[in-house]
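What follows is a set of notes on a single structure, which appears directly below.
The values are calculated or read from the model by the stated rules, or taken from the named source; none is laboratory data. Since the structure is predicted, the reported quantities are computational estimates derived from the model, not experimental observations. Cβ coordinates were reconstructed from backbone atoms using ideal geometry, including for glycine residues, and neighbour counts include every protein chain displayed.
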Amino acid sequence: MADEQVLPTLPKTPFNGASKRAWAQANAPPPSVSTSSDPAVFSSDDDPALEAYESARRHKRRYVGTWYEQHAALSSDSAMGDHSSSPFVRSSPIVCRPLRRKAGARQQKREFRKLDSGIFMGGPDSTDTEGDVPTPYTPKFFASPAQLKISPRSQPQLSEAEAVARERIKRCVENGTQEVDLSDLGLNSISTETIAPIADIEPIPVVVKGVSFRQADPDIKIYLYNNNLKDFPSSLVNIEPLTFLTLRNNDLTEIPTCIGKLKNLKTLNLAQNKLRYLPAEILRLMGDEGKLVMLHTASNPWWMAEKVSFEAATTNCGPNPLIRTPVEFLGSDGRIYSRFRLPLFGDLAESTGSLELEVEDPTELEMPQDVSYREQDDNRLLNPKGARSLFEYALKTLTQLPEPELEEVNYWLEVDEGYPDVREALNQAAEAHRRGGLTCSVCNRGMVVPLTRWVEFKAPAATKLDRELLIPFLKVGCSWKCVPACQSRS
Amino acid sequence: MSDSKYITLISYDGFEFVVLREAALVSETIGAMLRGPFREAQTGRCEFGEIRGPVLEKVVEYFHYHYANRNQTDVPDMDIPVDICLELLMAADFLGLDSKPQMRDIS
């Protein structure tokens with residue numbers, strides 16, 4: 001606008017001599033604001049003149065801008081005329097200005113409608129602009145669900161057995177019963193939602209006259225025997241006061257490492273399952289960290305220690321012999337570098353018979369011979385408590401992602417195809433994390449990928465050593481130096 | 001230049017990081033780049049066409065973290081920001097920053 005460039009001269013106002021009407025007519029100020037957005041428009045019916053009511057359509061006054069500026073905009077019809085001759089101008093001190101002079105009345109009208117309603121209905125002549133809308137930018141890691149091909153997680157149907165279980169748990173919570181009997185229900189699985197309320201059970205204290213009131217510590221017992229559970233219900237470990245747990249006669253193939261969280265557990269019955277080994281966490285619970293005293297393990301297809309070596313081990317060592325398999329050495333990508341390999345974990349469910357495991361002379365330890373260590377490996381591979389590899393740190397962060405994001409990451413790795421090792425490592429680490437994480441059996445440090453694995457055979461229940469009573473415990477180490485201590489031959 | 005104490009790592013978006021050579025040698029890949037008859041060995045400048053600036057920055061941080069803690073025990077874990085962890089995992093795989101030994105050549 002040209003008049004913005006030079007400062008305008010001070011206008012004549014009624015206060016400095018000009019007549020009021022002449023001033024008002026001559027100095028219709030420019031539209032109030034020169035911002036880029038459209039000016040506010042409002043209409044008013046404040047003109048009481050009779051002429052306004054004579055015509056079929058009433059003319060409402062339109063104002064542009066704020067109310068205190070009071071520039072009434074003429075409606076499109078009256079905009080055609082000269083405003084000095086308009087009756088509105090004469091009858092009121094308000095200066096009238098058309099919103100847009102010399103514009104076609106029709107076009108103006110259409111524009112006003114848009115401004116007025118604020119809702120664009122899309123008339124018959126409006127073109128479909130949907131095709132022109134640019135597709136929103138999606139960053140690489142956040143693909144649309146359609147791209148991801150993740151089927152929407154089906155809402156798990158509540159089985160009849162689980163409904164009964166829920167009902168029983170509800171009753172226990174209401175009555176303060178600490179013995180939760182979920183036996184003989186034919187449960188195939190049991191969800192977190194069903195189990196979570198058990199943690200809320202609070203015993204009703206017995207009040208005896210003359211004895212000072214004491215809130216009893218909760219002491220929860222869960223009976224899950226004679227069911228068909230295939231996986232250990234991991235949400236059980238969140239019930240801190242659990243002292244008694246029986247899972248007798250189920251189809252469990254593995255006990256997750258998170259069982260180590262049950263620090264108050266005193267009795268654990270795992271008889272008549274399909275277990276091959278137990279996590280080393282159970283040994284910790286039986287030691288200083290927990291209170292576990294009773295462990296029932298009968299009738300499981302345990303890994304067995306090979307007889308010959310077993311006898312050698314028992315005769316050579318002291319009263320508490322260490323009977324173990326050779327150590328399996330792995331890289332952080334899950335590749336095995338040692339000659340000894342533990343039987344594949346995935347195939348366990350299929351075979352039912354017990355499996356003989358080679359047992360090593362405990363005085364020897366076989367490190368992989370056909371590998372060479374780089375100088376920089378000294379730290380990452382051979383320093384148990386030193387800095388880990390960047391690969392492991394990144395893996396650790398990834399495994400702690402929530403499940404849907406982890407699925408996305410997996411999807412992108414799958415698309416990329418160039419990183420089969422990385423994907424495999426991530427899968428294993430995520431699986432370990434889901435099962436409660438791994439702790440080094442030697443230095444007690446948390447880790448994401450085991451670098452050593454071996455099985456130790458212990459007979460926790462028996463006083464007399466018997467090959468049949470030995471239970472295999474899987475131990476893991478966080479570096480190649482995290483291996484069982486060698487016992488010297490005495 | 002080639003026997004300088006420092007080397008320069010360049011991300012694909014043009015960020016340059018000057019790193020202590022000894023610290024960067026943790027990476028097997030960088031070691032091979034600097035040892036062989038390559039241009040990198042002569043100029044001491046390694047370009048990574050696949051690693052973004054923020055990721056390479058974290059890698060460099062790891063070099064120094066590892067270098068500072070090389071003979072220590074009870075080292076605190078390094079924190080990895082979530083937004084770059086996948087890229088970092090792949091970069092670590094590429095640079096050989098994982099814990100696995102080399103199979104010895106039978107010859």
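Listed residues A:424, A:408; which is more than 9 Å from chain B (Cβ to nearest Cβ) and under 26 Å from residue A:477 (Cα atoms)?
Numbers: A:408 fails: under 26 Å from residue A:477 (Cα atoms).
Selected residue: A:424, the only one of A:424, A:408 that is more than 9 Å from chain B (Cβ to nearest Cβ) and under 26 Å from residue A:477 (Cα atoms).
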Search result, residues across the stretch A:280-296 that are within 31 Å of the chain's Cα centre (by Cα) and outside any helix (DSSP H, G or I): A:289, A:290
Could you run through the stretch B:48-69 and say how many residues are within 11 Å of the chain's Cα centre (by Cα), within 12 Å of another protein chain (Cβ to nearest Cβ) and of a type in the set (Phe, Trp, Tyr)? 2
How many residues does the stretch B:91-107 hold that are modelled with pLDDT of 85 or more and within 7 Å of another protein chain (Cβ to nearest Cβ)? 2
Log entry, pairs with first residue in the stretch A:387-398 being within 7 Å of chain B (Cβ to nearest Cβ), second being crowded, with 24+ Cβ neighbours inside 10 Å and of a type in the set (Asp, Glu), beta carbons closer than 7 Å, six or more apart or on different chains, reads A:389/B:98; A:391/B:98
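State yes or no: is residue A:453 more than 9 Å from chain B (Cβ to nearest Cβ), in contact with a helix residue (DSSP H, G or I) (Cβ under 9 Å, 6 or more places away or on another chain) and either without any contact (Cβ under 8 Å) to a residue 40 or more places away in the chain or buried (at least 19 other Cβ atoms within 10 Å of the Cβ) (or both)?
Numbers: more than 9 Å from chain B (Cβ to nearest Cβ): yes; in contact with a helix residue (DSSP H, G or I) (Cβ under 9 Å, 6 or more places away or on another chain): no; either without any contact (Cβ under 8 Å) to a residue 40 or more places away in the chain or buried (at least 19 other Cβ atoms within 10 Å of the Cβ) (or both): yes.
So residue A:453 does not fit the description; no.
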Take the residues in the stretch A:164-217 that are under 27 Å from the mean Cα position of the chain (by Cα) and surrounded by fewer than 12 Cβ atoms within 10 Å (Cβ to Cβ); name whichever of them is nearest to residue A:231 (Cα to Cα). A:192
Confirm whether residue A:305 is over 18 Å from residue A:437 (Cβ atoms), modelled with pLDDT under 85 and crowded, with 21+ Cβ neighbours inside 10 Å. yes
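Conditions tested, residue by residue: (1) in a loop (DSSP other than H, G, I, E, B); (2) more than 14 Å from chain A (Cβ to nearest Cβ); (3) farther than 29 Å from residue A:403 by Cβ.
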site: B:33; (1), (2), (3): no, yes, yes
site: B:37; (1), (2), (3): yes, yes, yes
site: B:46; (1), (2), (3): no, yes, yes
site: B:71; (1), (2), (3): yes, no, yes
site: B:77; (1), (2), (3): yes, no, no
site: B:80; (1), (2), (3): yes, no, no
site: B:86; (1), (2), (3): no, no, no
Would you check which residues across the stretch A:226-252 are in a loop (DSSP other than H, G, I, E, B), surrounded by fewer than 20 Cβ atoms within 10 Å (Cβ to Cβ) and over 27 Å from the mean Cα position of the chain (by Cα) and list them? A:226, A:228, A:248, A:249, A:251
